[in-house]
1. Quick one: is E122 in contact with a strand residue (DSSP E or B) (Cβ under 7 Å, 6 or more places away or on another chain), assigned to a loop (DSSP other than H, G, I, E, B), closer than 21 Å to K7 by Cα and not aromatic (F, W, Y)?
2. Kindly indicate whether T62 is without any contact (Cβ under 8 Å) to a residue 24 or more places away in the chain and among the hydroxyl-bearing types (S, T, Y).
3. Residue by residue through segment 77-119, note down the ones that are more than 26 Å from H46 (Cβ to Cβ), assigned to a strand (DSSP E or B) and either of a type in the set (D, E) or in contact (Cβ under 8 Å) with a residue 40 or more places away in the chain (or both).
4. Return the total of residues in segment 35-57 being buried (at least 21 other Cβ atoms within 10 Å of the Cβ), out of contact with any Leu (no Cβ under 7 Å at 6 or more places or on another chain) and either of a type in the set (S, T, N, Q) or not in a loop (DSSP other than H, G, I, E, B) (or both).
Amino acid sequence: MAAALRKVYVVPVAGREPEIEQIKKLVRAGGGEVVCDKDPVDQFEHCVEEADVVVILICPETIGDKVIVEIAELARKLGKRVIAVWSGAATGDTLPIPIHQYGEGAVRVDAAEIEGAICRDETIWNNPDGKPRKAPPTPRHKGH
């Protein structure tokens with residue numbers, strides 16, 4: 001019996017449509033099902049509810065964005081996995097606060113990393129250069 005497809009909500013980011021579409025393509029190729037493919041970000045509540053995994057692009061537009069914080073908090077409250085994907089425009093390797101607090105991984109726009117972290121529930125924490133990083137030292141990552 002085949003495993004059920006992971007339902008994945010890739011949070012839209014204005015001005016980052018090509019990267020968002022590339023992530024969706026890699027999710028589908030990795031065996032995931034993209035939900036809320038055309039929904040605007042302000043309708044995120046039902047999208048998070050429908051998804052198994054919420055994907056947030058780390059880029060200048062999402063760093064410090066209050067809506068991203070709300071999305072990550074709701075995902076955590078509903079027991080959804082939150083995976084960050086580093087944008088090619090990300091500067092440095094500092095995790096945004098909602099990813100630090102609620103995230104369960106950070107990967108690059110890379111087929112193997114996206115398939116593993118998003119579609120197969122592997123715990124992958126990488127920096128934008130692909131080198132492994134430690135999971136943030138929060139209770140969520142210590143098994144509490």
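Nothing in this text is a laboratory measurement; each read-out follows from the coordinates by a stated rule. The structure presented is a predicted model; accordingly, all values stated were derived computationally and were not measured. Quick reminder, even Gly has a Cβ in these numbers, built from the backbone with ideal geometry, and neighbours come from all protein chains shown.
1. Numbers: in contact with a strand residue (DSSP E or B) (Cβ under 7 Å, 6 or more places away or on another chain): no; assigned to a loop (DSSP other than H, G, I, E, B): yes; closer than 21 Å to K7 by Cα: yes; not aromatic (F, W, Y): yes.
In short, no.
2. Values: without any contact (Cβ under 8 Å) to a residue 24 or more places away in the chain: no; among the hydroxyl-bearing types (S, T, Y): yes.
Answer is no for this residue.
3. Matches in segment 77-119: W86 only.
4. Final tally of qualifying residues: 7.
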